[in-house]
Amino acid sequence: MMDFFQARLRFLFLDSGYAYDAVEAALGPSLDRILLVKTRLEAITVMRHKPEFEFLLTAYTRASHLARQAEGNEIDPILLSEDGERELYEAWMKIKKMVVRLLEQGKYREALLRGAALAGPLDRFFTQVMVMVDDTAVRRNRLALLKDIADILGELGDLEKIVRE
C-alpha cells in the first residue's frame, strides 16, 4: 500500500512541475506523515538554489557515506581527542536541538538553513581527522557522530538524490 501512495505522490508532484530529484529527495525519508512530504518538497525546492543548501548537501553527503559503516549513534565525548572532532561535536550539539525542534514543527526550510551551519565544522573535521583509525573505540565513536548527524539531517530529505548543477 505504501508503494502505491509513494507512486501516486511522485506522479502528482511531477505533474505539478516539481523537479524529479527534489521529489525523490522529499519522498525518501518516510511517508508516515504524508502531509509533511509536500512541506519537505517545497522547502527543498525553495532552498536548492541558495548557497546554504549547497553547503548542507556537501555536509550531509560526506557524513552519510561514512555513517553507513557505523554500528550505532551513541557518542562518548571522552573519546573525542582531536580539535576537529571536538569542534564538530560541539557545533552539532547546538545545531541538533534546533533542527530537531524545527522538524517537529514541520519547519523544513528553517531546519535546512540551520543544518547548513554544520558545513564548516564538518569540512574541518574531514580535513583534520582520520575517521577510519586502528583504535576501534575511537573509530566507532567518530562513525557514531557522523551517523547521528546523517540520521537527523536525513529527515530533511534524502539529500543524496539532489542532482548538483
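Worth a mention:
- Highest GNM mean-square fluctuation among 18, 89, 60, for the chain modelled with Cα contacts below 10 Å: 18.
- Model label zone, residue 76; criterion: amide N under 14 Å from point 7 Å along Cα-to-beta-carbon; scope the range 128-158: 135-145
- Of the residues 114, 86, 142, the one with the largest accessible area comes first in the ranking 114, 86, 142, computed with a 1.4 Å probe on protein heavy atoms.
- Euclidean distance of C-alpha centroids, the range 88-132 and the range 6-51, integer Å: 22 Å
- Residue-averaged [θ]222 nm for the chain, counting only DSSP H segments that reach four residues, each worth -39500 (n - 2.57): -22000 deg cm²/dmol
- Probe 1.4 Å - accessible area at residue 16, Å² to nearest ten: 90 Å²
- Point-charge dipole on Cβ atoms (K/R +1, D/E -1) for the chain, about Cα centre, debye to 20: 480 debye
The values are calculated or read from the model by the stated rules, or taken from the named source; none is laboratory data. Everything numeric in this text was worked out from a predicted model, so none of it was measured. Glycine gets a Cβ as well: all are built from the backbone with ideal geometry, and neighbour counts include every protein chain shown. Surface accessibility is based on the protein's heavy atoms, side chains included, excluding ligands, DNA and RNA. Shrake-Rupley method; radii C 1.70, N 1.55, O 1.52, S 1.80 Å.
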